[in-house]
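Read-outs throughout are calculated quantities, based only on the coordinates presented, and are distinct from any laboratory measurement. Note that this is a predicted model, so its numbers are computed, not measured. Neighbour counts run over all protein chains shown; Cβ positions are idealised from the backbone, glycine included.
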Amino acid sequence: MKCPVPYIPNISYKGGNGFGGDRSKVREGLKHAANDLAAPAGTPVLAMADGVVINEPYKFFFNTWAVEVKHADFIARYCEIDRNMEVKKGDSVKEGQVIAYVGNQPGPDMLHLEFFSGKKTGDLTQSSPPYNRRSDVFDGAKILDGAGIGVGRWPHSVTWRYTTDSEGRKFLDM
């Protein structure tokens with residue numbers, strides 16, 4: 001399993017930025033349904049494992065986008081990403097493949113990452129009440145804790161270098 005960002009975030013994806021954090025300022029009783037990985041806008045977002053893109057990328061929150069990938073043991077919704085993605089519905093992805101880039105958001109930039117068991121069907125977000133997630137959403141902290149991380153902490157500046165495989169999929173050259 002690969003971490004979906006190439007460096008260890010400086011801010012934890014647990015606690016207030018983790019699953020179950022209080023979001024009552026958005027709506028009374030709302031809990032956070034994701035693990036947020038702090039990362040500058042433009043940071044490559046990597047597929048955590050082999051999988052298939054199950055929906056076309058779509059608008060998510062504050063002019064950012066989301067893409068859903070069915071991995072062997074769960075569905076991951078990679079959110080708050082830039083609309084310029086490297087994948088589309090039906091694409092097979094490989095662990096470590098660049099699938100998107102962190103979006104530019106008002107406030108701190110991050111990858112908002114949601115995990116679903118896949119035991120339910122239908123849309124991952126319900127419109128009424130707003131921001132409710134499908135009932136098979138779960139805390140992905142254990143998956144992230146066990147994921148292989150790239151190199152150390154976030155650098156102050158970095159130039160990303162890429163390679164492509166024989167099928168044209170993009171990977172970080174680290």
Loop-only check: which chymotrypsin sites (Phe, Trp or Tyr not before Pro) in segment 48-146 are DSSP coil with at most 15 other Cβ within 10 angstrom? PHE61, PHE62, TYR131
About the Cα centre of the chain, how large is the charge dipole given +1 on each Lys and Arg Cβ and -1 on each Asp and Glu Cβ? Please answer in debye to the nearest 20. 280 debye
Rg to Rh, two decimals, where segment 15-172 supplies the alpha carbon set and Rh follows Kirkwood: 0.94
List the relative contact order of the chain as a percent without decimals, with contacts defined as Cα pairs under 8 Å and 6+ residues apart. 26 percent
